[in-house]
Amino acid sequence: MSPEDLQRGLKLGHIIQGPIRINPKNYEDAYIPHPDGVSDIFVCGMKERNRALNGDIVAVVLHDRDNWKIHVKNLKDLEEKHQEVESNSKPNDDSQSVVTQRIEGQSESDSEPDVIIESEEIIDLTTNSISESQSAANLSISSDQNIDQSCDSKSITADELPVSSLATKSVSSAFCTDSQENASTELKNVQVVTNQLADISIDAKDMKTINSVPNTPQNDNNMSGTPLTDKSTTPHSKTEDKKERRSHRGRNSSQKNYSTLQEVMKEGSEVVKNLFTTDDTVKSNSANRVLQRTGKVVSIIEPKHSRACTGHIHLMADRNPDTALFKPLDHRLPRIIIPMDNCPKDFTFRPEDHVNTLFICRITEWKEDSMYAHGELMRSLGEAGEIEPETEGILIENDVDYSEFTEEMLSTLPVQTLPWQIPDGEITKRQDYRKQCVFTIDPATARDLDDALSCEKLDDGTYNVGVHIADVSYFLKEDTSLDKRARFRATSVYLVQKVIPMLPRILCEELCSLNPNQDRLTFSVVWNMSEKGEIYGEWFGRTVIRSCVKLSYQHAQGFIEEPDREWTEEELPPISDGYPISQIKDTVHNLQMIAKNLRKARFDEGALRLDQVKLQFTLDKDTGMPNGYSVYKQKDSNRLVEEFMLLANMAVAHKIKKDFPDKAFLRRHPPPQSKMVDDLVELCNNLGFPIDPSSAGTLQRSLWRYADDDNMSIARMQVLVSMCSKPMQNAKYFCTGCIDDEELYRHYALNVPLYTHFTSPIRRYADVMVHRNLAAALGYSDLSEKSMVAIQSIAENCNDRKTNSKRASELSSELFFAVFVKTAGPFEETGMVMGVLDKAFDVFILKFGVTKRVYCDKLAIKDKLHTKEQKNPILTLYWEPTVENGTGAVQKISIFTIVTCVLKPGELPLQWMAIIKPPAV
């Protein structure tokens with residue numbers, strides 16, 4: 001496909017652009033978001049994925065509707081739902097469809113479709129820091145209620161287009177639009193650079209040799225792809241293949257789990273056929289709802305994946321002296337052929353010495369006729385399972401830049417040595433708040449203090465409330481080498497044991513950090529408001545402040561919880577400039593009073609907040625190993641700061657959008673996918689906990705109905721919140737001139753028309769962009785000459801780096817949790833079931849906020865039975881007899897069942913597993 005054809009197809013909507021997500025539990029399944037927001041496009045198998053890697057921006061063409069998929073579980077449910085009506089009209093027809101027979105023959109497979117929704121950690125949607133990528137409670141995204149124009153006979157389909165092969169070097173595109181969410185938005189200034197490459201063709205004769213090729217993500221389960229023609233590169237034995245298939249592939253196969261619409265219409269029961277051909281709108285919608293759009297990747301527009309991965313090296317089965325095999329730990333990646341001279345010198349003769357060594361490898365080429373990529377071994381990271389080598393691997397895999405800032409970069413700063421004083425000329429240009437009671441409220445260990453608060457009560461009973469943010473843009477000048485590096489990094493990366501800063505530490509911890517008793521440059525938003533949060537006036541401007549005290553959240557919480565307590569100097573951090581403790585305390589009380597009213601008004605107007613358990617570790621000072629944990633709990637002091645940060649972000653968003661309607665740097669949050677929401681509603685209704693997802697506010701009020709103080713209600717609420725988080729989409733930065741429809745600017749969770757990030761420029765480059773927007777709006781500087789396309793490109797990079805940063809943080813938490821279980825476990829904890837499959841079930845460990853799949857074959861049971869009761873899946877376990885339970889207990893596992901879990905180390909260095917104990921009889 002030529003670049004012109006690709007561009008034309010994208011503009012006409014015949015080709016769909018989006019990021020590809022590959023299921024980590026079944027790498028044959030991948031998904032691309034559809035612009036209509038109803039459901040994703042399913043890409044089945046390696047051939048259809050066309051060598052795209054997770055996160056790549058790809059071009060996809062839909063298959064003909066006849067080739068769309070229907071998950072066999074959904075098909076069976078649909079048939080059962082309408083069987084009674086059909087049986088009444090045909091009482092003597094007891095025939096059973098071939099499709100149904102095929103389904104029932106799979107009763108022992110975990111056939112529930114796995115779905116990934118990478119919900120983002122935004123200020124109003126706090127995500128779980130440790131979780132399995134999927135759960136059995138995941139909702140199918142396999143259907144539409146309405147078939148859109150993309151399946152019209154006049155549209156181009158995947159079956160009519162060639163598939164372009166995919167180069168591993170960067171293929172760029174600069175779209176001044178967000179086509180994933182805005183199919184109707186006109187493409188502006190579109191430039192697509194891609195290669196015109198040959199079609200992928202799989203010769204039937206090549207398939208004959210597939211059994212001789214080792215099990216890989218590409219060929220396992222007879223997935224399409226062409227085996228290597230060089231038989232000497234056969235990597236390993238069939239025995240090893242079978243073992244790895246059991247441990248790595250996942251327990252379901254997309255080929256077994258899905259039937260095409262064409263197959264259903266040919267082999268299905270009359271009940272199902274009638275549903276897909278009827279003129280009855282209700283029945284037709286019911287059928288279309290289980291229909292999963294499918295497509296194939298025709299080009300990689302931009303390879304977002306770093307092409308780097310951690311893993312282990314292995315000899316070829318025939319000990320080929322020229323090449324070795326690299327097996328990535330991430331099973332969504334292909335196995336990689338590497339030159340033997342990349343490996344340690346003694347590897348050929350003593351491969352066992354390197355079994356536990358962790359290496360980093362980068363893909364350099366992936367030919368269209370091969371199931372294996374080719375690459376280069378970059379270096380050894382160290383022993384697998386050790387924290388530092390594993391952490392370095394996490395950073396490299398997620399393309400996190402952790403290199404040191406160069407002297408040339410640091411030389412662009414207006415400050416070279418410390419201590420530094422603000423020039424008198426700069427102070428005269430700013431509003432001086434140094435004699436105001438201004439202070440910070442942050443975590444006790446924070447060193448990058450980028451926001452401070454002030455609150456002055458006036459004689460008329462109103463308050464002047466100020467949010468003061470570090471003026472990073474004063475030091476970070478646009479397009480300097482340091483600015484370019486910060487722009488590339490886009491965000492600080494927070495790991496368990498350290499932070500990879502976006503900016504040099506001289507800025508993060510000194511010049512920009514609002515440290516107490518030091519003059520600092522800030523950008524401020526100040527409101528005149530009532531105690532109810534009613535705003536009478538608003539001011540934006542550059543300021544200079546001197547924070548009088550660095551309060552922790554615990555200190556502020558103490559003021560809130562004990563308003564009448566007399567605090568002593570020894571109980572608090574040093575307070576400068578002669579401010580009495582009583583004044584600090586009163587200011588916190590006034591801020592809390594206003595924040596509570598602001599928060600109430602926000603939720604009354606329809607905001608949504610989904611809080612999940614977040615685990616924090618304490619580390620041994622000498623070894624750096626985890627030696628304890630705590631669960632993060634948001635308290636009033638956290639909410640106090642949050643309310644004013646949200647208010648500032650919204651105020652700045654309106655200001656810069658008004659002044660620069662085409663170049664404002666904003667943040668939007670699309671609504672959840674409607675198909676997943678429909679499935680969520682059905683699931684919750686079946687469980688007896690109906691919800692109203694018609695808006696963020698109604699969903700929030702639905703959840704509040706089930707809140708209570710008893711342990712069962714608390715646990716159930718955690719599971720419900722986790723389930724409701726899955727359909728949520730990521731919030732995104734964007735340039736306003738690149739999206740025509742302003743309705744798409746909205747922030748779903750906050751339920752506001754405009755939002756941005758202004759309050760954390762030390763750790764987010766997006767905020768630096770917003771500061772520059774605001775400075776231009778206030779006449780402090782000229783508006784950047786960057787085009788809308790260039791601004792959108794920066795926004796996309798911020799989105800990508802945010803995703804990578806979040807993933808690295810999650811993997812760091814998972815790493816430390818695995819080490820914690822290994823060194824301090826096993827643990828016996830209470831869990832609640834949040835999803836049930838045929839041979840497994842997912843358990844939410846309440847104390848840790850961790851979701852783990854429990855497999856029945858790991859339990860001491862005699863048998864199991866998977867059934868349904870009132871449309872809810874039930875897994876009945878028949879336990880082996882023990883001294884405690886006599887003849888053996890019988891236990892029914894369903895969603896919300898409370899179980900006792902044992903968390904213990906697994907066989908691999910960083911593996912941990914969960915089993916449940918039999919119930920007492």
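The values are calculated or read from the model by the stated rules, or taken from the named source; none is laboratory data. These numbers were taken from a predicted model, which means no experiment stands behind them. Glycine gets a Cβ as well: all are built from the backbone with ideal geometry, and neighbour counts include every protein chain shown. The protein model used for the area step is the full one, side chains on, heavy atoms only, and it has no ligands, DNA or RNA in it. Shrake-Rupley method; radii C 1.70, N 1.55, O 1.52, S 1.80 Å.
General remarks:
- The shape of segment 825-916 can be summarised by an equivalent ellipsoid whose semi-axes, obtained from the alpha carbon gyration tensor, come to 21, 17, 12 Å from longest to shortest.
- Each residue of segment 758-765 is assigned a 3J(HN,Hα), and the resulting list reads 10, 9, 9, x, 5, 10, 9, 5 Hz, derived from the Karplus form 6.51 cos²θ - 1.76 cosθ + 1.60 (θ = phi - 60°), x at Gly and Pro.
- Alpha carbon centroid spacing (whole Å) that separates segment 513-582 from segment 1-35: 49
- Counting only protein chain heavy atoms and rolling a 1.4 Å probe, the accessible areas of Trp704, Trp879, Trp420 rank, largest first, as Trp704, Trp420, Trp879.
- Taking the square roots of five times each eigenvalue of the Cα gyration tensor of segment 308-384, the equivalent ellipsoid has semi-axes of 19, 15, 10 Å, listed largest first.
- Shown for segment 315-470 is the translational diffusion coefficient from the Stokes-Einstein equation, using the Kirkwood radius over Cα pairs, a temperature of 10 °C and a viscosity of 1.306 mPa s: 73 µm²/s.
- A quarter of the convex hull surface defined by the alpha-carbon atoms of segment 765-921 gives 15.3 nm² as the mean projection.
- Charged-residue dipole, Cβ positions (Lys, Arg, Asp, Glu), segment 747-801 about Cα centre, Debye nearest 20: 160
- Amide H contacts for Tyr629 (H built 1.01 Å from N in the peptide plane; partners 5 or more residues away or on another chain; cut-off under 5 Å): Thr618.
- Structure note, pairs Lys806/Lys847; Lys532/Lys633; Lys457/Lys657; Lys532/Lys675; Lys550/Lys847: Cα-Cα distances above 29 angstrom occur for Lys457/Lys657; Lys532/Lys675; Lys550/Lys847.
- Principal axes of segment 528-592: Cα extent on each, largest first, Å: 38, 28, 19
- Measuring against 19 Å, Cα to Cα, the residue pairs Lys498/Lys822; Lys429/Lys484; Lys892/Lys917; Lys47/Lys732; Lys614/Lys635 contain Lys498/Lys822; Lys429/Lys484; Lys47/Lys732 as the ones spanning a longer distance.
- Each residue of segment 416-432 is assigned a 3J(HN,Hα), and the resulting list reads 10, 10, 10, x, 10, 10, 5, x, 4, x, 6, 5, 5, 7, 10, 6, 9 Hz, derived from the Karplus form 6.51 cos²θ - 1.76 cosθ + 1.60 (θ = phi - 60°), x at Gly and Pro.
- Modelled FRET efficiency - R0 22 Å, Lys11 with Arg746, Cβ distances, 0.05 increments: 0.35
- HN-Hα J in Hz across segment 522-533 - Karplus 6.51, -1.76, 1.60, θ = phi - 60°, x for Gly and Pro: 9, 10, 10, 10, 10, 10, 9, 8, 7, 5, 7, x
- Test item: Cα-centred dipole of segment 825-916, Lys/Arg +1 and Asp/Glu -1 on Cβ, debye: 240
- Dipole magnitude for segment 308-384: computed about the Cα centre from +1 point charges on Lys and Arg Cβ and -1 point charges on Asp and Glu Cβ, it is near 140 debye.
- Convex hull volume per residue for segment 654-749, taking Cα atoms only, in Å³: 108
- Residues of segment 825-916: accessible area per residue with a 1.4 Å probe, Å²: 44
- Cα centroid separation, segment 638-672 to segment 805-830: 35 Å.
- Close amide H contacts of Met316 (hydrogens built in the peptide plane, cut-off under 5 Å, sequence separation of 5 or more or a different chain): Leu325.
- Of the residues Asp448, Asp471, Asp611, ranked by 1.4 Å probe accessible area with the largest first, the sequence reads Asp611, Asp448, Asp471.
- Amide H to amide H, with H built 1.01 Å from N, Val850 comes under 5 Å of Ile845, counting only residues 5 or more places away or on other chains.
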